[in-house]
Amino acid sequence: MFGSLLRFFRERAGMTQEALGKYVGYSKSQVAMVERGERAPKGKFVEVADEVLGVQGALLAAGRELKVSRFRSWFEDYAELEATATVIYMYANHVIPGMLQTPAYGRGVFASHCPQLEDEEIEADLEARLSRQAVLRRKPAPIVGFVLEEHTLRRPLGGNQALKEQLDHLLDVGQQRNVEIQVMRTDREGHAALDGPMMLLEPTSANASRTSTGRAARTL
């Protein structure tokens, strides 16, 4: 809602995203992300935008109602279910899933994003992604299973050292009694998941009506 209001007031004032960005200290792409609800306004953004656009406190009032999440808006509902799920299953065919990523490997994944992400966007997304891994150590422990394509273990995203650390991390996580990691070999002649990555959650009783099953629209 804040992003929609910001865009409305900006366009009413006849100002471009780039021009507003110069006032608030943001790039054009960062202003666009705020307007799409993909990034929370930080620092003096709200105060400066309110004054520059001449909206007499409307953005200040809207800003006070902002509820900031560390996750992207499209991922929030899933992250909430994942954090309390009793069973989590994932199949990944492009990269090692976020719940298993090391900082260096995860940074390499985000650095590969097109169009390129700003450095602070990468770090914010990486922090959010790594925070999800707490579910693996949660008590009571959930049942967690991963099926990884063999080539995900060979692609050195973030560099060869990052991949080595990532593989060592997989071996460590795989030692947990509640975690199972399987690898889909590339020489398989049959394949039941050709449509892409999938995840299946079995929620707690409190979230039973919100079971999340489906295919990942973006990299998890």
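The values are calculated or read from the model by the stated rules, or taken from the named source; none is laboratory data. Being a predicted model, the structure only gives us computed values, none of them experimental. A quick note on method: Cβ atoms are made from the backbone with ideal geometry, for glycine too, and the neighbour counts reach across all protein chains shown.
Assorted remarks:
- Residue within region 59-66 that is without any contact (Cβ under 8 Å) to a residue 24 or more places away in the chain, under 24 Å from the mean Cα position of the chain (by Cα) and within 30 Å of residue 131 (Cβ to Cβ) present: no
- With respect to the stated conditions, residue 142 fails to be over 27 Å from residue 200 (Cα atoms), touching a Ser or Thr at 6+ places or on another chain (Cβ under 8 Å) and either surrounded by fewer than 21 Cβ atoms within 10 Å (Cβ to Cβ) or assigned by TED's automatic domain parsing to the domain that holds residue 194 (or both).
- Restricting attention to region 88-109, the residues being closer than 14 Å to residue 144 by Cβ and part of a helix (DSSP H, G or I) number 3.
- Number of residues in region 149-177 that are within 22 Å of residue 81 (Cα to Cα) and surrounded by 15 or more Cβ atoms within 10 Å (Cβ to Cβ) equals 1.
- The residue that is nearest to the chain's Cα centre (by Cα), among those in region 110-143 that are part of a helix (DSSP H, G or I), over 15 Å from residue 158 (Cα atoms) and small (Gly, Ala, Ser), is 128.
- Cβ separations smaller than 7 Å between residues 6+ apart or across chains give the following pairs from region 16-38 residues that are assigned to a helix (DSSP H, G or I) and surrounded by 14 or more Cβ atoms within 10 Å (Cβ to Cβ) to residues that are at pLDDT below 95 and of a type in the set (Ser, Thr, Tyr): 21/27.
Table: residues versus (1) farther than 18 Å from residue 121 by Cβ; (2) in the same structural domain as residue 202 (by TED's automatic domain parsing); (3) not basic (Lys, Arg).
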{"position": "17", "(1), (2), (3)": "no, no, yes"}
{"position": "26", "(1), (2), (3)": "no, no, yes"}
{"position": "30", "(1), (2), (3)": "no, no, yes"}
{"position": "33", "(1), (2), (3)": "no, no, yes"}
{"position": "43", "(1), (2), (3)": "no, no, yes"}
{"position": "46", "(1), (2), (3)": "yes, no, yes"}
{"position": "57", "(1), (2), (3)": "yes, no, yes"}
{"position": "77", "(1), (2), (3)": "yes, yes, yes"}
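- Exactly one residue out of 104, 92, 85 is surrounded by 17 or more Cβ atoms within 10 Å (Cβ to Cβ), closer than 21 Å to residue 171 by Cβ and in contact with a Pro (Cβ under 8 Å, 6 or more places away or on another chain): that is 92.
- Among all residues of region 150-169, there is none that is of a type in the set (A, V, I, L, M, F, W, C), modelled with pLDDT of 90 or more and under 19 Å from residue 200 (Cβ atoms).
- When residues of region 126-137 are limited to those that are free of Cβ contacts under 8 Å to residues at least 40 places away in the same chain and surrounded by 13 or more Cβ atoms within 10 Å (Cβ to Cβ), the one farthest from residue 173 (Cα to Cα): 126
- Residue in region 82-94 that is without any contact (Cβ under 8 Å) to a residue 60 or more places away in the chain and within 22 Å of the chain's Cα centre (by Cα) present: yes
- Among the numbered conditions (1) surrounded by 12 or more Cβ atoms within 10 Å (Cβ to Cβ); (2) charged (D, E, K, R); (3) over 17 Å from residue 204 (Cα atoms), the only one that residue 67 does not meet is (1).
- For region 7-46, the set of residues classified as touching a Pro at 6+ places or on another chain (Cβ under 8 Å) and hydroxyl-bearing (Ser, Thr, Tyr) consists of 29 only.
- On the stretch given as region 67-82, residues that are aliphatic (A, V, I, L, M) and within 27 Å of residue 150 (Cα to Cα) total 1.
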